[in-house]
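Nothing in this text is a laboratory measurement; each read-out follows from the coordinates by a stated rule. These figures come from a predicted structure and were not determined experimentally. Quick reminder, even Gly has a Cβ in these numbers, built from the backbone with ideal geometry, and neighbours come from all protein chains shown.
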Amino acid sequence: MRTQRLRYGIIALLLFLAMLVIAIKVPHTSFVRGSLGDVLVVVFLYALALSVRDFDRPCLAAAVFLFACFIELCQYFRLAQTLGLRPNGVLWVVIGSTADWGDIACYLVGALVALIGDLVIVRK
């Protein structure tokens, strides 16, 4: 069990580093940053959760998807601006400031990639 958590921790760390590179090096208008980044963040959250505790895999994938949708809803209602968060601050970046309903599809793809990748590749 401990080895499995370490494996998910390493996966989460690698995904975090990939997202960091995307955030720093890739233009905002790029497909990689706009869509692939949204897919990766859901896979990252899935792996991060499994690095801490064991969860029912389908329930975790659904929970991470719903959490991402909630964050998108917060963006739609401009929560970061309403709370007066500092632009480009950590919470501003986490919550985001621009809602795009196409992101929901990316979150769904991310949840499916995480779940299928976990069941087929990681848990072998």
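In table form, for the structure just shown:
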| item | result |
| --- | --- |
| Subset tally (residues that are exposed (fewer than 14 other Cβ atoms within 10 Å of the Cβ) and either without any contact (Cβ under 8 Å) to a residue 12 or more places away in the chain or assigned to a helix (DSSP H, G or I) (or both)) for the stretch 54-66 | 5 |
| Residue satisfying all of: in the stretch 73-115; in a loop (DSSP other than H, G, I, E, B) and of a type in the set (Gly, Ala, Ser); nearest to the chain's Cα centre (by Cα) among these | GLY96 |
| Selection count where residues are assigned to a helix (DSSP H, G or I) and either of a type in the set (D, E, K, R) or surrounded by fewer than 15 Cβ atoms within 10 Å (Cβ to Cβ) (or both), scope the stretch 17-50 | 10 |
| Complete set of residues in the stretch 102-122 that are farther than 9 Å from VAL42 by Cα and either touching a Cys at 6+ places or on another chain (Cβ under 7 Å) or without any contact (Cβ under 8 Å) to a residue 40 or more places away in the chain (or both) | ILE104, ALA105, ILE116, VAL120, ILE121 |
